[in-house]
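The values are calculated or read from the model by the stated rules, or taken from the named source; none is laboratory data. All values reported here derive from a predicted model rather than from experimental measurement. Here the Cβ positions follow ideal geometry from the backbone for every residue, glycine too, while neighbour counts run over all protein chains shown. Note: areas computed on protein heavy atoms with side chains; ligands, DNA, RNA excluded. Shrake-Rupley method; radii C 1.70, N 1.55, O 1.52, S 1.80 Å.
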Amino acid sequence: MSDQDPAEVRRHLDRLAADGIDVVRVTYPDLIGTDRARDVLVEELPRALEHGLAFCRAVYHTSPQGDVVPVSGGLDAGLPDVCVRPDLTTLVALPWEPGVAACLADVTDPATGTPAAESPRDLLRSVLERCREHGLSPVVGPELEYFLCEQEPGGGWRRYGSTPGAVYTAGLRADPGNHLLRTLRQVRDLGLGVLSGNHEFDGGQFEINLLHSEALSAADRAFRFKAAVKELARREGRLATFMAKPFNDAGGSGFHLHLSCTDAEGRNAFDDPSGAYGLSATARHAIAGALAHAPALAALLNPTVNSYKRFGPDTLAPWLIDWGLDNRSAMVRVPPERGSGARLELRLGDASAGPYLAIAATTAAALLGILAAEEPPAPLEGYGYDPTKAARLPTDLSAALDALESDTALTELLGKGFTDSYLSYKRNEVERFQRHVTDWEFTEYAYHL
């Protein structure tokens, strides 16, 4: 049964009818953060709310290439269902698709009525509830980068635009088709709380920043933002990719998270003018937590085999476990604002990370640090990337997954059901990659050996 108020449901249905909406796209994230969906005719929406929409649970275990990975509860259980119910509080019209609105959904196990173990949105909810038990409400501001690509004659993809030195620019200088302006306006009209956008460091690379908000709202908006950008690019005949490092001759795309917490009175719990660096003990302990759990965090914030090609000296992508005051070469940067703007910026994540998992893992690590009440080491000074001064992050996905498995404090907070499923799914990705013969191997060896 749906627990949504019947009067509220009727109000939503009346609004849809008044707006000329006849289809609702019901979406939810899978285990890698991409959107799964079903289009529901408005007249059938009450039925979907009452009984839910049945999806095979193995959608969480399906690889980008369509393989069903053997994760417990999927193939071994006979491919059972999960139940997906629309969350009408998230309903919004799609600006580019007349007659269609979209909403997020809640995913449950039909046998128990409890959230599906693999559900990223419910994982974040559970972590936020633990934060609330300790009087804290995380606030998150997401920053996402992506590459826009155009199709090559005869197939393949190349970067859209090749203007060098166009970082922090806008307009036709590096965006001759005005992609950014169109995208900004469309995602604004989608109600995603967009702040601004600009061309980034490499040709065809863009960054769009979302306003900060309560953590679940921030994750919802970042998830919908990524799906919207990809859909809008398809409408242009282009490809938008949030892959960590899609090109050998360019840098990678990041997913930076600005994190603070409010206390029970709504005050920024990270600010303290009398504290070290102008930060409260809560903020400093949160930094220590991010550092302590960084190797495990990498498994969720750098979640693909490709992710680790983004790291390295002089990439402006962190590969050492350190923090600094307004220092972009550190893994954790503390921006200069204090007062209501006091926060930390975790620069570890790349754009391929699923927003719910990235925010859940980051807030979980911060909470563990707050509960441990340990101080971080001295902040990095000057330009970083000196491995004699800080420990290295995992250098590949396999090592990061091992670090996640061994971090019992973090996995306890994330839950055994989710952790086991995620590790099985991602280790299969590593195994498939290790068996695959790459173009580099053929080029390197075939002629001479």
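Miscellaneous remarks
- Formal net charge of residues neighbouring G156 (Cβ-Cβ distance under 14 Å; K, R +1; D, E -1): 0
- Note on R392/V100: beta-carbon distance plugged into 1/(1 + (r/R0)^6) with R0 of 45 Å gives a FRET efficiency of 0.45.
- Per residue accessible area of the range 48-147, 1.4 Å probe, in Å²: 38 Å²
- Binned Cα-Cα distances of the range 223-276, short to long, each 10 Å bin given as a whole percent: 18, 28, 20, 19, 13, 1
- Net charge contributed by nearby residues that have their C-beta within less than 9 Å of N302 (K/R +1, D/E -1): 0
- Local electrostatic count, A269, Cβ distance below 11 Å [Lys/Arg +1, Asp/Glu -1]: -2
- Potential lengthening between R188 and T163 on full extension [0.36 nm per residue; Cα-Cα distance subtracted]: 6.3 nm
- Share of carbon and sulfur in the accessible heavy-atom surface of the range 258-346 [1.4 Å probe, %]: 53 percent
- Modelled label reach - A250, point 7 Å along Cα→Cβ, the range 147-163 residues with backbone N closer than 11 Å: 147-150, 157-163
- With 5 Å bins from 0: P(r) over the range 78-211, alpha-carbon pairs, percent: 2, 8, 12, 13, 14, 14, 13, 12, 7, 4, 1, 0
- Stretch gain in nm, segment A18-R36, where the contour uses 0.36 nm per residue and the Cα spacing is subtracted: 3.8 nm
- Estimated from the Cβ-Cβ distance and a Förster radius of 25 angstrom, the FRET efficiency linking E265 and L211 is about 0.70.
- Springs join every pair of Cα atoms under 10 Å in this Gaussian network model of the chain, and among R333, R11, R158 the largest mean-square fluctuation is at R11.
- Structure-derived Cα extents along the principal axes in Å - corresponding label in (1) 72, 52, 45; (2) 86, 61, 37; (3) 63, 62, 49: (3)
- Centroid-to-centroid, using Cα positions, the range 25-86 and the range 265-287 are 41 Å apart.
- Gained length - N178 relative to E441, 0.36 nm times residue gap less alpha-carbon distance: 90.8 nm
- Set K245/K426; K226/K426; K389/K426; K226/K416 screened for pairs whose C-alpha atoms are more than 23 Å apart: K389/K426; K226/K416
- FRET efficiency, 1/(1 + (r/R0)^6) with R0 56 Å, evaluated for E44 and D314 via beta carbons: 0.55
- Separation of alpha-carbon centers, the range 121-143 and the range 312-383, rounded to whole Å: 17 Å
- For the chain, the relative contact order is 15 percent, taking Cα pairs closer than 8 Å that sit 6 or more residues apart in sequence and dividing their mean separation by the residue count.
- Dipole size of the chain about its Cα centre, with +1 on Lys/Arg Cβ and -1 on Asp/Glu Cβ: approximately 660 debye, rounded to the nearest 20.
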